[in-house]
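> So that we are looking at the same thing, I have put the structure below in structure tokens.
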Amino acid sequence: MWRGATTAMTERSHGPSKMRLCSTVAIWVTFIHCVAAIPWTQEKLHHRAVTLTQDEILAALTSTDLEQMWQRDLRPLLVTRYPGSVGSRAVQEHIKTTLGSLGAGWEVTEDAFVSQTPYGQLPFTNIVANLNSSANRRLVLACHYDSKYYPPQWHGREFQGATDSAVPCAMMLELARALDEELKAQKATSPDLTLQLLFFDGEEALFQWTATDSLYGSRHLAQKMETTPHPAGATDTNQLHTMDLFVLLDLIGGPDPHFYNQFPSTTYWLSRLQSIEKRLHSMNELVDHPHNVQYFWPNRPVGHIQDDHIPFLNRGVPILHLIPSPFPSVWHTFDDNEQNLDRSAIQNLNKIMQVFVLEYLNARPATAIPSNPQNAP
């Protein structure tokens, strides 16, 4: 009797527990099913980046070198390079050769076309580099490589366009080179998320900024991507759907740049850049950087600026526009040259952007350098 009563009581007391357990399991099964059922085009809305440890950050930054970037990439870009010029073709070859020489295996293609301009028909060439073209999701870094056209008979001087936008292009090439091993490993282990680099031609107006005399390259490529199915053969998704986040770099290289918030929808990622700035400052990895926040200000809104992101923004692509406000004082003057660049700011932003890319791609350095080696005194 006692045993029977005890058994009955035990069974009754376990009943609610079993029900709660079954309910919990059902909820988790439903949750997992729902997560698994998220279309790949919506995964960007749920994406979260990893946070590298200090040792991982130190390991990741060992290969970046400002002086080498300056010699290898920046100076070859500091030439007159308006669309169709000899300098433009030389810069195109430099970008393609640099990316083609890396171990990560970049797939580099050209988007070449001819467009009507105030000076007649001119050739333009965008350069598209994919770390993994079959991936469904892409973090996009973009810049324009053309320089503003100044007729020589008017000025007799050559416009270098150092901040506008040789430095951003050099930063992107340095990022690809410095993170070559990490990107190679990420490509092998994360087939669904990748990095894409876009180098636009024809951002500048050739005569006067209008809807048709500006953004030649980005307008053409955005339209082309919108009409190119992805994956191949798809009927309702295209290459624009692959873009998790479109990060446009422009007018970078002057002293003490401030990047404010143009798009509330991407505040999270601008805040992420601010967090990385703070972390690197605390590690004494930033030079001539007296305050823990100098560059990134996600809580300060600023008006939209016409730039290469516009054709993609108009097609629903999430945008993070990294352009300083105010513009550099040398903007669209012949003083936008190598002599007026701020090396410290460029070096600091190189490091911040490299950490940002690794964290977004959930890529960790293969070998971390111990911050306090065992044999250290």
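The values are calculated or read from the model by the stated rules, or taken from the named source; none is laboratory data. Keep in mind the model is a prediction, meaning the values are calculated, not measured. FYI the Cβ positions are ideal-geometry reconstructions off the backbone, even for glycines, and counts take in every protein chain you see.
> Condition first: without any contact (Cβ under 8 Å) to a residue 40 or more places away in the chain and either in a loop (DSSP other than H, G, I, E, B) or farther than 20 Å from Glu359 by Cα (or both). Now tell me which residues in the range 258-284 satisfy that.
Pro264, Asn284
> Given the structure, is Asp335 crowded, with 22+ Cβ neighbours inside 10 Å, of a type outside the set (Phe, Trp, Tyr) and either in contact with a Phe, Trp or Tyr (Cβ under 6 Å, 6 or more places away or on another chain) or assigned to a loop (DSSP other than H, G, I, E, B) (or both)?
no
> Can you tell me which condition Gln239 does not meet? The list is (1) out of contact with any Gly (no Cβ under 9 Å at 6 or more places or on another chain); (2) touching a residue at least 60 places away in the same chain (Cβ under 8 Å); (3) closer than 23 Å to Phe200 by Cα, and all the others hold.
(2)
> A further question follows. Could you pull out the residue among Val247, Val287, Val317, Val330 that is among the hydrophobic types (A, V, I, L, M, F, W, C), at pLDDT 95 or above and assigned to a strand (DSSP E or B)?
Of the residues listed, the single one that is among the hydrophobic types (A, V, I, L, M, F, W, C), at pLDDT 95 or above and assigned to a strand (DSSP E or B) is Val247.
> Shifting gears a bit: Counting just the residues of the range 208-241 that are within 21 Å of the chain's Cα centre (by Cα) and outside any helix (DSSP H, G or I), which one comes out surrounded by the fewest Cβ atoms within 10 Å (Cβ to Cβ)?
The extreme case among them is Asn238.
> Something else about it: Regarding Ser325, is this residue hydroxyl-bearing (Ser, Thr, Tyr), at pLDDT 95 or above and under 11 Å from Thr163 (Cα atoms)?
No.
> Looking only at the range 334-367, how many residues end up being at pLDDT 95 or above, of a type in the set (Ser, Thr, Tyr) and over 26 Å from Ala222 (Cα atoms)?
The total comes to 1.
> Sticking with this one: Checking the condition within 25 Å of Leu66 (Cβ to Cβ) and in contact with a Gly (Cβ under 6 Å, 6 or more places away or on another chain), which residue from Leu349, Leu358, Leu320, Leu341 passes?
Within the list Leu349, Leu358, Leu320, Leu341, the selection yields Leu341.
> Condition first: of a type in the set (Val, Ile, Thr) and either touching a Ser or Thr at 6+ places or on another chain (Cβ under 6 Å) or in a helix (DSSP H, G or I) (or both). Now tell me which residues in the range 35-75 satisfy that.
Within the range 35-75, Val35, Thr41, Ile57, Thr62 qualify.
> Continuing with the same structure: Would you check which residues across the range 76-124 are of a type in the set (A, V, I, L, M) and assigned to a loop (DSSP other than H, G, I, E, B) and list them?
Leu78, Val79, Leu102, Ala104
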